[in-house]
Amino acid sequence: MKEENTSIEPTKSELEILQVLWEHGPSTVRFVNDCLNEQKRAVQYTSTLKLMQIMVDKKLLTRDESQMKHIYIPAAEEAVTKSFLLERFVDTMYKGSASSLLMQLLGNKKTSKKELEAIKELVKKLDKKDK
(Lines give C-alpha, C1' and ligand atoms only; values in the text may rest on other atoms or scores of the structure.)
Protein backbone atom coordinates (compact mmCIF):
# COMPACT_ATOMS: atom_id res chain seq x y z
CA MET A 1 0.00 0.00 0.00
CA LYS A 2 1.24 3.48 -0.84
CA GLU A 3 2.28 5.71 2.03
CA GLU A 4 0.00 8.73 2.14
CA ASN A 5 2.14 11.68 3.15
CA THR A 6 0.04 14.69 3.99
CA SER A 7 2.52 16.39 6.33
CA ILE A 8 4.33 18.10 3.45
CA GLU A 9 2.57 20.86 1.54
CA PRO A 10 3.32 20.66 -2.19
CA THR A 11 4.51 23.80 -3.97
CA LYS A 12 2.53 25.21 -6.91
CA SER A 13 4.83 23.46 -9.41
CA GLU A 14 4.58 20.19 -7.49
CA LEU A 15 0.79 20.46 -7.51
CA GLU A 16 0.85 20.89 -11.28
CA ILE A 17 2.78 17.63 -11.56
CA LEU A 18 0.44 15.88 -9.13
CA GLN A 19 -2.57 17.08 -11.16
CA VAL A 20 -1.14 15.45 -14.29
CA LEU A 21 -0.48 12.18 -12.46
CA TRP A 22 -3.92 12.15 -10.79
CA GLU A 23 -5.59 12.76 -14.15
CA HIS A 24 -3.53 10.34 -16.27
CA GLY A 25 -2.23 7.82 -13.74
CA PRO A 26 1.35 6.63 -13.24
CA SER A 27 3.56 8.23 -15.90
CA THR A 28 7.08 8.91 -17.10
CA VAL A 29 8.81 12.26 -16.70
CA ARG A 30 8.57 12.77 -20.48
CA PHE A 31 4.78 12.34 -20.42
CA VAL A 32 4.36 14.69 -17.45
CA ASN A 33 6.65 17.27 -19.06
CA ASP A 34 4.72 17.10 -22.35
CA CYS A 35 1.41 17.59 -20.49
CA LEU A 36 2.78 20.58 -18.58
CA ASN A 37 3.99 22.13 -21.84
CA GLU A 38 0.54 21.65 -23.39
CA GLN A 39 -1.50 22.77 -20.38
CA LYS A 40 0.55 25.33 -18.51
CA ARG A 41 3.71 26.86 -19.91
CA ALA A 42 7.05 25.95 -21.46
CA VAL A 43 8.94 23.74 -19.02
CA GLN A 44 12.34 22.15 -19.64
CA TYR A 45 12.51 18.36 -19.35
CA THR A 46 15.48 18.57 -16.97
CA SER A 47 13.51 20.91 -14.67
CA THR A 48 10.57 18.51 -14.55
CA LEU A 49 12.91 15.56 -13.93
CA LYS A 50 14.71 17.33 -11.07
CA LEU A 51 11.44 18.44 -9.46
CA MET A 52 9.98 14.94 -9.68
CA GLN A 53 13.17 13.50 -8.11
CA ILE A 54 12.80 16.02 -5.27
CA MET A 55 9.16 15.01 -4.91
CA VAL A 56 10.27 11.38 -4.46
CA ASP A 57 12.70 12.51 -1.74
CA LYS A 58 9.86 14.46 -0.07
CA LYS A 59 7.66 11.34 -0.39
CA LEU A 60 5.09 13.16 -2.53
CA LEU A 61 5.76 10.62 -5.31
CA THR A 62 6.96 7.06 -5.51
CA ARG A 63 9.05 5.74 -8.41
CA ASP A 64 8.77 2.34 -10.07
CA GLU A 65 12.27 1.49 -11.29
CA SER A 66 11.44 -2.03 -12.48
CA GLN A 67 11.38 -0.96 -16.14
CA MET A 68 13.89 0.91 -18.24
CA LYS A 69 11.73 4.04 -18.09
CA HIS A 70 10.97 5.04 -14.51
CA ILE A 71 7.28 5.46 -13.73
CA TYR A 72 6.21 8.03 -11.13
CA ILE A 73 3.14 7.56 -8.94
CA PRO A 74 1.53 10.01 -6.48
CA ALA A 75 2.14 8.89 -2.90
CA ALA A 76 -1.31 10.12 -1.78
CA GLU A 77 -4.70 10.09 -3.44
CA GLU A 78 -6.00 13.33 -4.91
CA ALA A 79 -8.87 13.63 -2.41
CA VAL A 80 -6.52 13.12 0.57
CA THR A 81 -4.12 15.82 -0.62
CA LYS A 82 -6.87 18.30 -1.50
CA SER A 83 -8.58 17.72 1.84
CA PHE A 84 -5.32 18.34 3.69
CA LEU A 85 -4.57 21.52 1.71
CA LEU A 86 -8.11 22.85 2.12
CA GLU A 87 -8.06 22.23 5.86
CA ARG A 88 -4.72 24.00 6.19
CA PHE A 89 -5.99 26.91 4.05
CA VAL A 90 -9.19 27.30 6.11
CA ASP A 91 -7.22 27.11 9.37
CA THR A 92 -4.68 29.70 8.19
CA MET A 93 -6.87 32.15 6.28
CA TYR A 94 -10.25 31.80 8.02
CA LYS A 95 -9.27 30.76 11.57
CA GLY A 96 -10.81 27.36 10.97
CA SER A 97 -14.22 28.71 9.90
CA ALA A 98 -15.48 26.92 6.80
CA SER A 99 -18.60 29.13 6.81
CA SER A 100 -16.43 32.28 6.54
CA LEU A 101 -14.67 30.76 3.54
CA LEU A 102 -17.97 29.80 1.93
CA MET A 103 -19.51 33.24 2.52
CA GLN A 104 -16.52 34.99 0.95
CA LEU A 105 -16.37 32.54 -1.92
CA LEU A 106 -20.05 32.94 -2.73
CA GLY A 107 -19.73 36.71 -2.41
CA ASN A 108 -16.71 36.93 -4.74
CA LYS A 109 -17.71 34.48 -7.47
CA LYS A 110 -20.72 34.37 -9.77
CA THR A 111 -22.54 31.23 -8.72
CA SER A 112 -25.01 29.61 -11.11
CA LYS A 113 -28.50 28.55 -10.04
CA LYS A 114 -27.47 24.93 -10.57
CA GLU A 115 -24.46 25.35 -8.25
CA LEU A 116 -26.60 27.10 -5.62
CA GLU A 117 -29.14 24.25 -5.75
CA ALA A 118 -26.33 21.71 -5.28
CA ILE A 119 -25.05 23.70 -2.27
CA LYS A 120 -28.58 23.83 -0.78
CA GLU A 121 -28.92 20.05 -1.21
CA LEU A 122 -25.59 19.49 0.49
CA VAL A 123 -26.61 21.72 3.41
CA LYS A 124 -29.91 19.79 3.72
CA LYS A 125 -28.03 16.46 3.80
CA LEU A 126 -25.60 17.77 6.42
CA ASP A 127 -28.48 19.15 8.49
CA LYS A 128 -30.29 15.76 8.41
CA LYS A 129 -27.06 14.02 9.40
CA ASP A 130 -26.71 16.20 12.50
CA LYS A 131 -30.25 15.41 13.73
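Amide hydrogen proximity for Ser27: with H placed 1.01 Å from N in the peptide plane, the residues at 5 or more positions away or on another chain lying under 5 Å are Tyr72. Checking the cross-link pairs Lys82/Lys113; Lys82/Lys128; Lys12/Lys114; Lys40/Lys82; Lys40/Lys113 against a 23 Å limit on the alpha carbon distance flags Lys82/Lys113; Lys82/Lys128; Lys12/Lys114; Lys40/Lys113 as lying beyond it.
Could you work out [θ]222 nm for the chain from helices alone, using -39500 (n - 2.57) per DSSP H run of at least four and dividing by all its residues? Round to the nearest 500 deg cm²/dmol.
-20500 deg cm²/dmol
Across the chain, Cα pairs under 8 Å and at least six residues apart give a relative contact order of 24 percent.
I need the trypsin sites (Lys or Arg not before Pro) found in the range 11-83, filtered to DSSP loop residues with at most 10 other beta carbons within 10 Å of theirs. Listed in order of number, the matching sites are Arg41.
Counting only whole DSSP H helices of the chain, the ones at least 20 Å long by C-alpha along their axis and with mean Kyte-Doolittle hydropathy no lower than 0.0 are 78-94.
Treating r as the C-beta distance of Gln39 and Lys124 and R0 as 41 Å, the FRET efficiency rounds to 0.65.
When the solvent-accessible area of the chain is split by element, carbon and sulfur atoms take up 55 percent of it, the probe being 1.4 Å. The mean sequence distance of close C-alpha pairs (under 8 Å, at least 6 residues apart), as a share of the length of the range 60-116, puts its relative contact order at 17 percent. Geometric descriptor of the range 1-117, per residue, is 145 Å³ (volume of the convex hull of the Cα atoms).
Heavy-atom accessible surface of the chain, averaged per residue, reaches 73 Å², computed with a 1.4 Å probe.
Give me the Å³ per residue figure for the convex hull around the C-alpha atoms of the range 51-99. Provide the component values of the computation, followed by the final result.
Numbers: hull volume 3.9 nm³, N = 49.
Spread over its residues, the Cα hull of the range 51-99 gives 80 Å³ apiece.
The values are calculated or read from the model by the stated rules, or taken from the named source; none is laboratory data. These numbers come from a predicted model, not from an experiment. Please note: Cβ atoms are built from the backbone with ideal geometry, for glycine as well, and neighbour counts cover all protein chains shown. Heavy atoms of the whole protein, side chains included, go into the accessibility calculation; ligands, DNA and RNA do not. Shrake-Rupley method; radii C 1.70, N 1.55, O 1.52, S 1.80 Å.
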